[in-house]
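Heads up, the thing below is written out as structure tokens.
The values are calculated or read from the model by the stated rules, or taken from the named source; none is laboratory data. Owing to the predicted nature of the structure, the values given are computational and were not obtained by experimental measurement. Backbone-built Cβ (ideal geometry, glycine too); neighbour counts: all protein chains shown. Quick note on the areas: whole protein, heavy atoms, side chains included, nothing else; ligands and nucleic acids left out. Shrake-Rupley method; radii C 1.70, N 1.55, O 1.52, S 1.80 Å.
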Amino acid sequence: MTPRMTLSAEWPSLTDELELADALFGHHGHALVATWLEGETARTDDMEFARSFSDHIDLPGIHNEDYLHRRISTSSGNLLGGIRFYGRDVSRPFVEIIAHTFNDLDRLRDCVSREWSTFAPPYLRLRARPGRLSGANTLLDKSVYVARYRDMRPPAPHVWLHPFDRVEDAEAIMSARYRALAVDDPALARNVFPSAAADLAAWHESGQLRAIRTREAVVGILAVAPGAIGWIAGDEINEEVIAVEHRGHGYAALAQAAWAAHVARDQRQLLIGTIDRLNIASRRTADAAGRRRVLDVVFVALGDVPR
């Protein structure tokens, strides 16, 4: 049995991700998934990881070790998972399932409800190939989009990227867009958050932040830096904002194309990012730029909870 088949047999829920790893990284893909899983498993006794929660959260009846990942074995299946808080909001807990062996989703739900009952999470969260997890108890959270730079659409001459002279100008465009989003689409605004000023400054200093320009004006910002989504490593889109008055012209997709053609150093590298289920504009942008949806991150309700 190959190492890939061994990992898939031990954790069948990783089959979709192992197939994707093969497609993206060839014979190196399995090792990337295995290394990521080792790191997640190590968090079952990593108190520094637990303190990354407890140093900022004070919930009654909750102890430091409750934030550790847990490896649970039952007669119905095994799982590795841990508590999370959506957007660091303690009123929005859920359980991240790293891997599991359950054949029956209802039994997985029952196990998670029991094991993390002190947090009363309304959802668990899983990853799978797009569209595989659906039904009355499921709700798409976000999707992972990727493309190699060499496979993206060609750039257009009327949209290009240029470094900001002052990072404050980028921050002003970003802040204005998120303020408008809170008014125009409060549901999406509850799920997505502006980058910290310190992060913008760091990207500006390292040349990873660009103004999106046309012949008429600066129309937005794009920040791309090395990162990873789980085991998928690449250049990650950290911030992409089109100014309110310039939306609807396809500038975001053309900015990604310009980055791929003129800023990226290795055309074999992946451009990666996650997009919220409610962010229809960004999903269309990814499609138009040539990035494809490769994984879905899906909430599964643990009881009768509002969607």
The distance between the Cα centres of segment 56-76 and segment 133-201, in whole Å, is 33
Heavy-atom accessible area of segment 5-128 with neighbours in place, 1.4 angstrom probe: carbon+sulfur share in percent works out to 47
Lys and Arg at +1, Asp and Glu at -1: neighbours of Ala42 with Cβ under 14 Å from its Cβ sum to -2
Cβ-Cβ cut-off under 11 Å around Ala189, Lys and Arg +1, Asp and Glu -1: the net charge is 0
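Which net charge results for the neighbourhood of Asn279, defined as the other residues with beta-carbon distances under 10 angstrom from its beta-carbon, given Lys and Arg at +1 and Asp and Glu at -1?
+2
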Quick calc: nm separation of the 7 Å Cα→Cβ label points for Ala197 and His27 -> 5.2
Heavy-atom accessible area per residue of segment 206-262, all protein chains kept, 1.4 Å probe, expressed in Å², is 37
For segment 247-252, in residue order, the Karplus 3J(HN,Hα) values (coefficients 6.51, -1.76, 1.60; θ = phi - 60°; whole Hz; Gly and Pro = x) are 6, x, 10, x, 5, 5
re segment 89-162: pairs of Cα atoms spaced beyond 15 Å account for a percent value of 68
